[in-house]
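Just below is one structure, and these are the notes that go with it.
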Amino acid sequence: MASQRTFIAIKPDGVQRGLVGEILMRFERKGFRLVGLKQITPDRALAEAHYGVHRERPFFAALVDFICSGPVVAMVWEGHGVIAAARMLIGATKPLEAEPGTIRGDLAVDIGRNVVHGSDAEETAAFEIGLWFKDDELNDWTPADQSWRVEA
């Protein structure tokens, strides 16, 4: 499987609850490379673009309000199968349905406060990365232990 990139965001509830380090650690321990990282309080335009697929849904306004309510830690992670693996690490959208051991299963309280967002497909990842990051904010690098992480 080829290396790919995904967008992960720690939402305002995760930042406010001091979960940034724990969430970063889970991705690092899995062996993925952090190639983009910043903390930002999104404006409405960014939030509405990010959640545009939900524009016609009744919860859209509340979702946009929430993501704009405080700092978000936006990240780009890279690695073999990172999109699918990230979805497994994150867990189900509804915390009560998320398996123990997943980020949401262990840390999330409510569907509206589920701590983290992760891209669900390659197209979504490309769109979200382009929305939140400029090209020069992403780093291409190879960890010194790369040969120990994945087969060539």
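The values are calculated or read from the model by the stated rules, or taken from the named source; none is laboratory data. Computed from a prediction, not measured in an experiment: that's the story for all the values here. Neighbour counts are summed over all protein chains in view; Cβ atoms, including those assigned to glycine, are modelled from backbone coordinates with ideal geometry. With ligands, DNA and RNA removed, areas are computed over all heavy atoms of the protein, side chains included. Shrake-Rupley method; radii C 1.70, N 1.55, O 1.52, S 1.80 Å.
Here are a few things to note about the model shown:
- Only residues that are of a type outside the set (S, T, N, Q), loosely packed, with under 12 Cβ neighbours inside 10 Å and under 22 Å from Arg33 (Cβ atoms) were counted across region 107-142, and they come to 7.
- Looking across region 142-152, just one residue is more than 15 Å from Gln4 (Cβ to Cβ) and either of a type in the set (Val, Ile, Thr) or under 20 Å from the mean Cα position of the chain (by Cα) (or both), and that is Thr142.
- Exclusive hit being out of contact with any strand residue (DSSP E or B) (no Cβ under 9 Å at 6 or more places or on another chain) and either within 23 Å of Cys68 (Cα to Cα) or among the acidic types (Asp, Glu) (or both), set Gly118, Gly105, Gly101, Gly112: Gly112
- Test: Ala74 is assigned to a strand (DSSP E or B) and either touching a Leu at 6+ places or on another chain (Cβ under 8 Å) or touching a residue at least 40 places away in the same chain (Cβ under 8 Å) (or both): yes
- Assessment of region 131-138 against the conditions (in a loop (DSSP other than H, G, I, E, B) and in contact (Cβ under 8 Å) with a residue 24 or more places away in the chain) yields at least one matching residue.
- Residues of region 1-37 that are open to solvent by 30 Å² or more (accessible area, probe 1.4 Å), in contact with a Leu (Cβ under 9 Å, 6 or more places away or on another chain) and part of a strand (DSSP E or B): Arg5, Leu34, Leu37.
- Annotation note: of Ala45, Ala85, the sole residue that is loosely packed, with under 13 Cβ neighbours inside 10 Å, not in a loop (DSSP other than H, G, I, E, B) and not hydroxyl-bearing (Ser, Thr, Tyr) is Ala45.
This table checks each residue for (1) over 24 Å from Gln4 (Cα atoms); (2) without any contact (Cβ under 8 Å) to a residue 60 or more places away in the chain.
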| site | (1), (2) |
| --- | --- |
| Ala49 | no, no |
| Arg55 | yes, yes |
| Phe59 | yes, yes |
| Gly79 | no, no |
| Pro95 | yes, yes |
| Arg113 | yes, no |
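- Test: residue in region 53-75 that is open to solvent by 60 Å² or more (accessible area, probe 1.4 Å) and in contact with a helix residue (DSSP H, G or I) (Cβ under 6 Å, 6 or more places away or on another chain): yes
- Residue list for region 48-57, restricted to those being under 16 Å from the mean Cα position of the chain (by Cα) and in a loop (DSSP other than H, G, I, E, B): Tyr51
- Looking only at region 89-106, and only at residues there that are outside any helix (DSSP H, G or I) and surrounded by 16 or more Cβ atoms within 10 Å (Cβ to Cβ), the one that is nearest to the chain's Cα centre (by Cα): Gly91
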